1. Compare A:Asp65, A:Asp268, A:Asp170 in a GNM of chain A, Cα atoms joined below 10 Å, and give the one with the largest fluctuation.
2. Taking a cut-off of 16 Å, what percent of all Cα-Cα pairs in segment A:148-207 are separated by more than that?
3. Taking a ≥ b ≥ c as the square roots of the Cα gyration tensor eigenvalues, with a/c under 1.5 meaning rounded and otherwise prolate when a/b beats b/c, else oblate, which class fits segment A:6-155?
4. Taking all protein chains together and a probe of 1.4 Å, list A:Ile26, A:Ile256 from the most accessible to the least accessible.
5. Using a 10 Å cut-off on Cβ to Cβ distances, tally the other chain neighbours for every residue of A:217-225 and report the average as a whole number.
6. 7 Å from Cα along Cα→Cβ at both A:Met166 and B:Trp64: what's the point-to-point distance in nm?
7. Would segment A:223-271 count as rounded, prolate or oblate if I go by the C-alpha gyration tensor, calling it rounded below 1.5 in a/c and otherwise prolate when a/b exceeds b/c, oblate otherwise?
8. Measure off 7 Å from each Cα along the Cα-to-Cβ vector at A:Asn227 and A:Leu67, then give the distance between these two points in nanometres to one decimal.
Amino acid sequence: MLGLAIDFARRFARNRAALVGLLLVIVVIGVAVAAPWLFPRNPLRIVGRPEIWPFVNSRYPLGTDSLGRDIAAMIAYGARTTLLIGLCASLTATLIGITVGATAAYFGGWIDEMLMRFTELFQTIPNLIFVLTIVSILGQKIEYVTIAVGIVTWTPIARLTRAEFMALRDREFVQACRAMGMGNLRIMLGEILPNALPPVIVLSSLVIAGAVLFESAVSFLGLGDPNVSSWGRLIGDGRTLIRTSWYICAVPGLAIMLTVLALNLVGDGLNDALNPKLRDR
Amino acid sequence: MNRIVLRRLAQVIPLVLAVIVLNFVLIHLAPGSLFDVMTAEQQISDPAMLDQLRHTYGVDQPTWVQLAKYIWSVMRLDLGFSYRQNAPVLNVIMDQLPATVILMLAATSVALLVGVTAGVLASVRVNTIWDNLISLAAVFFFAAPSFWLGIMMTVLFAVKLGWFPVGGMRTIGAGNGAFADALDVMHHLVLPATALGLFYAATYARVMRASMLEVFRLDFVRTARAKGLSPARVVLAHVMRNALLPIVTLLGLQLGTILGGSVVIEAVFSWPGIGSLLFDSVMSRNFPMVLGVLVLGSLLVAVANATVDLLYLRLDPRIRAR
């Protein structure tokens, strides 16, 4: 087991860009975790004069926004929101995707046909419009945004899981399990899933990046949860001041970009490490 | 060939039907019915009046009757009445739809043009500084939120340099002649289309590079070279044409995302499309409008998807044989 882990780490580390990405992700996680210690008071509280540029006042290293709130504090707390929503949405999407994909491939026939039509339906609906619809109907809560993003991002995971299960379901070891009288659920979860998981994990890690982008778009439009600090909302709030203080938009945008970039790079690295066959392509 | 076209178009119908049912479920998920919102907005509180309205809108009937009625009315393109604009939902959406379609088409063109060119360039000069620069740019544009890119481009090109307008679709009071109008719209279109298109350009560049490199190794390319074709002709007429197939697949898959992305970009550039309409309707909880946009948006994507599939058929004759 340890040998496997070391082997995995070595293959991951061979991809330099993935290491840089991992470092960035760790930094973002660190900032998110340390936010309450770095900025003990409410980040949405007004601290000083509005529109102080970054690097001017050492008390507010990233400046203040149009209301005089500390941008650095909002970025730190925004990292929590972003990571939490990204992770939970990706988890939701992975759960739905694996359930749909695995069921479709394992049982085949009309169940497969029906579930794949269902997947196609969700691929056809314009995803952001669907998220906005759900949020407008259920309300502007962080949980609903998360679920909505999960609901629109599960289709690629379902398709991939289905393809993996298709390739595995008639293999000898599965037939052996059937002959032993194992239940369908146990074969699916205990036997096939572990073998099908590596590429699915890679895709889920990429879905986190997509979810972060979705969340930022929703809160940029002002439809996110108004009670939590979020990078997207910071950009949306700063948009009216682009003539004088464009840095209010630039700073959180850079944070989103770097986070998504890092997550993508880590995803690529995981792909190299988990699918060694594909590496040399 | 005609039969294939018809069969593909027929697949759109159950899809749209499913969207309608989904819509109906969403309406019923809403806390406080559509009816409550409607009466609250117009401040109706008289019980007799409420009963009468309840009957008019069919809220007092069983759910399955409501569903059947809803499907029937959407089938007749009756998406309901928007009490906010005081006009049928369909008319309001149809007024705004052309602007969104123009933006989508322009963004897709930018994405294809930039992405394919960058991908071809990177694959022809593989493992050189060009290749690395293009890959780096692709990684960055793939991670940047399009709305942020739009704002940053506005700051640079509209506010600081003044080359392009900050937002809107037409200059107010400029209307003289169709040609001048088209030029004016195009001038307004540059920034939003680029902001939206660059994300997809990044994807296309990466896929195009990989797929070009794959095709370069095939035998027919060696044959083309051996019969003395110029390198440019081999790349453009033989390799690129075959390498384009994955791009077409990707384009079909991403149409829904592009429509979603245009909603955000429209908010950034105050582009008068269905994005602005949707945003306004979500804010005012104007559900008939929101759901109308969802149905028509899905229909648009479904039809566009079918078109892309048929385009694929035209590009790759091997599929027709099956």
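1. Judging by the Gaussian network model, the answer is A:Asp170.
2. Details: 841 of 1770 pairs.
Counting every Cα pair in segment A:148-207, those more than 16 Å apart make up 48 percent.
3. Working: a/c = 3.37, a/b = 1.66, b/c = 2.03.
Because a/c hits 1.5 or more and a/b fails to exceed b/c, segment A:6-155 counts as oblate.
4. Values: A:Ile26 100, A:Ile256 0 Å².
Descending order: A:Ile26, A:Ile256.
5. Numbers: counts 10, 1, 0, 7, 10, 4, 3, 0, 0.
If you average over the peptide's residues, the count of other-chain Cβ atoms is 4.
6. 3.6 nm
7. oblate
8. 1.5 nm
The values are calculated or read from the model by the stated rules, or taken from the named source; none is laboratory data. Treat the numbers as computed from the prediction; the structure is a model and nothing was measured. Cβ: placed from backbone, ideal geometry, glycine included. Neighbour counts: every protein chain shown. For accessibility, only protein heavy atoms count, side chains too; no ligands or nucleic acids. Shrake-Rupley method; radii C 1.70, N 1.55, O 1.52, S 1.80 Å.
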